[in-house]
Amino acid sequence: MIDIHDNEVQAYTVDLANKTIRLDTTWFYKEHGERTAVEFRGVLAHYLIGANNWQNVLSSIEHVPLETFLLENGPLLAEQKNTGWPCIYDDKGDLLLQLREGQMNCFRIYAAIGLNGWVLAREMVFIPLDYQAQEARDHFDIH
């Protein structure tokens, strides 16, 4: 698996029609760099917060058990239940059943700075991209 620790999110795209979310990331140190797209496919719902206009640096993306997702997000899910988000369901047991039947996974996005949250999707794929030379800088230097 590709390591995305300290990758900076350059852009993210939410494609509702195609049920995908894509994070375009760059990692660079001195003259070395790489670009990686993190693509979530078969997205049911997402909760992304903290993005800012000066820097968004990933710490990790981890698979979280659905039961843990439900426990950690109980208040948020209860607050949004009547809006049909993340889907229409009767109770937590019904939601868990629907998530399992839909082969959903919870991917928790941890940030060192900025963008973080979670994505409910069928899969997550890392796509190595060609690196185009850019001015190398330390992720934590603010110009």
Filtered residue count, region 43-98, keeping only those that are of a type in the set (S, T, Y) and more than 23 Å from V14 (Cα to Cα): 2
Any pair with Cβ under 9 angstrom, 6 or more apart, that starts in region 75-104 at a residue that is surrounded by 16 or more Cβ atoms within 10 Å (Cβ to Cβ) and ends at one that is among the acidic types (D, E): L96/E67
Test for Q132: is it surrounded by 13 or more Cβ atoms within 10 Å (Cβ to Cβ) and modelled with pLDDT under 95: no
Filter result for F40 (crowded, with 17+ Cβ neighbours inside 10 Å and farther than 22 Å from D130 by Cα): no
Number of positions in region 52-71 that are at pLDDT below 95 and not polar (S, T, N, Q): 1
Some residue of region 30-45 being more than 19 Å from H5 (Cβ to Cβ), of a type in the set (F, W, Y) and at pLDDT 95 or above: no
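Quick check on this structure: which one of N56, N52 is touching an Asp or Glu at 6+ places or on another chain (Cβ under 9 Å) and either under 16 Å from G117 (Cα atoms) or among the basic types (K, R) (or both)?
It is N56.
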3 or more residues of a type in the set (S, T, Y): qualifying strands (runs of 3 or more DSSP E) within region 13-131: 20-29
So F69, is it in contact with an Asp or Glu (Cβ under 9 Å, 6 or more places away or on another chain), surrounded by 11 or more Cβ atoms within 10 Å (Cβ to Cβ) and not aliphatic (A, V, I, L, M): no
Residue check for L66: more than 21 Å from I113 (Cβ to Cβ) and touching a residue at least 40 places away in the same chain (Cβ under 8 Å): yes
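The values are calculated or read from the model by the stated rules, or taken from the named source; none is laboratory data. What you are looking at is a predicted structure, and each value in this text was computed from that prediction instead of being measured. Positions of Cβ are backbone-derived with ideal geometry, glycine not excepted, and every protein chain shown enters the neighbour counts.
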